[in-house]
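Structure record follows, encoded as structure tokens.
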Amino acid sequence: MLSGWSVKHMQRLIVTTMAFRQSSAPRAEGLRADAAARLLWRFPPRRLEAEAIRDCILSSSGVLDVSMGGPGFFLQKVEVDNVYRYFPKEEFGPPEFRRMVYLNRIRQEQDPVFGSFDCPSGNQVTPKRARSNTPLQALNLFNSPFILQQAGLLAKRLRDEAGDDPAAQVRLAFRLTTSRHPDEFERQASLEMIHEHGLEAFCRALFNTSEFLFLF
């Protein structure tokens, strides 16, 4: 109230506090006293929510539809046979490239890819989500048709914008997915992977990195 009900003032006050500015780097004495960081001596790394992960993937590949409003979209095919039956979609196009806030949720069905990322059930009110890190999440981000498609689209974007030079492709890929340039070790490892397994496999690997999926 003292700032004239300014939301920007409140946000600036929060982000400049010592608690908010704590590094995520662990310290031995801190871990001994408060391993869970309940006292806010460090920022505990945490995985992004399913919606943010999917939107970031679409943004990196260059196909995210950021238009506001309008009808939502489904990630399931709907078949009517006395009752409604839902089957996961295997192919995706511009109608499914919208931000996940526009996803039509089916109460009894989860998205086959991102449902494993602790998406709450549509049958329940969930004020606070759990955050897990499971093998099923990694498998979905590595083998699902959606990820394979998006890896191909990211590879196409890299070829279109960086040309045929693998080094330039690596630099652009890191900038799109991590907002930074690769260090020398990452650059060399990336070039070797592209040479041995192809650009699409490299793009799929970037979608599975901790830096892409976690806040540190």
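Just so it is clear, none of the values below were taken in a lab; they were calculated from the coordinates. Since we're looking at a predicted model, the values are computed, not measured. Don't worry about glycine lacking a Cβ; one is built from the backbone with ideal geometry, like all the others, and counts go over all protein chains shown.
Step through the residues of the stretch 98-105 one at a time and calculate ³J(HN,Hα) from phi using the Karplus curve (6.51 cos²θ - 1.76 cosθ + 1.60, θ = phi - 60°), rounding each to whole Hz and writing x for Gly and Pro.
Ordered by residue, 3J(HN,Hα) equals 7, 4, 5, 5, 9, 6, 7, 7 Hz.
Given that compact globular proteins tend to follow 2.2 N^0.38 Å, what is the ratio of the alpha-carbon Rg of the chain to that value?
Numbers: Rg = 20.4 Å, N = 216, 2.2 N^0.38 = 17.0 Å.
Against the compact-globule rule of thumb, the ratio is 1.20.
Suppose the chain between Arg107 and Tyr86 were pulled fully straight at 0.36 nm per residue; how much longer would it get relative to their current alpha carbon spacing? Display every interim value, and only then the final one.
Values: separation 21, 0.36 × 21 = 7.56 nm, distance 1.10 nm.
Difference between extended and current length: 6.5 nm.
Spin-label point model (7 Å from Cα, Cβ direction): what's the His195 to Ala33 distance in nm?
4.9
What dipole magnitude, in Debye to the nearest 20, does the chain give about its Cα centre under +1 on Lys/Arg Cβ and -1 on Asp/Glu Cβ?
Details: 28 positive and 25 negative charges, 234 e Å.
Dipole magnitude for the chain comes out near 1120 debye.
In nanometres, what is the gap between the two model label sites at Arg131 and Arg175, each 7 Å from Cα along Cα-to-Cβ?
3.0
Taking only Cα atoms and a 10 Å spring cutoff, compute GNM fluctuations for the chain and point out the largest among Arg107, Arg187, Arg175.
Checking each option, the largest mean-square fluctuation is seen for Arg107.
What net charge do the residues around Asp118 carry, taking every other residue with its C-beta under 14 Å from that of Asp118, with Lys and Arg at +1 and Asp and Glu at -1? Mind dumping the intermediate values first?
Values: positive: Arg46, Arg47, Arg54, Lys128, Arg129, Arg131; negative: Glu49, Glu51, Asp111.
Its environment carries a net charge of +3.
Give the longest segment of the chain that steers clear of GluC sites (Glu not before Pro) in DSSP loops with at most 14 neighbouring Cβ atoms within 10 Å, not counting the sites themselves.
Details: sites that count: Glu90, Glu91.
Formally, the longest exposed-site-free interval is 92-216.
From the backbone phi of the stretch 26-34, what are the Karplus-calculated ³J(HN,Hα) couplings (6.51 cos²θ - 1.76 cosθ + 1.60, θ = phi - 60°) in whole Hz, Gly and Pro given as x?
Computed from phi, the couplings for the stretch 26-34 are x, 10, 4, 5, x, 5, 5, 8, 7 Hz.
Given H placed 1.01 Å from N in the peptide plane, which residues other than close sequence neighbours of Asp65 have an amide H under 5 Å from its amide H?
Arg98, Arg99
Taking only Cα atoms and a 10 Å spring cutoff, compute GNM fluctuations for the chain and point out the largest among Gly152, Gly163, Gly69.
Gly69
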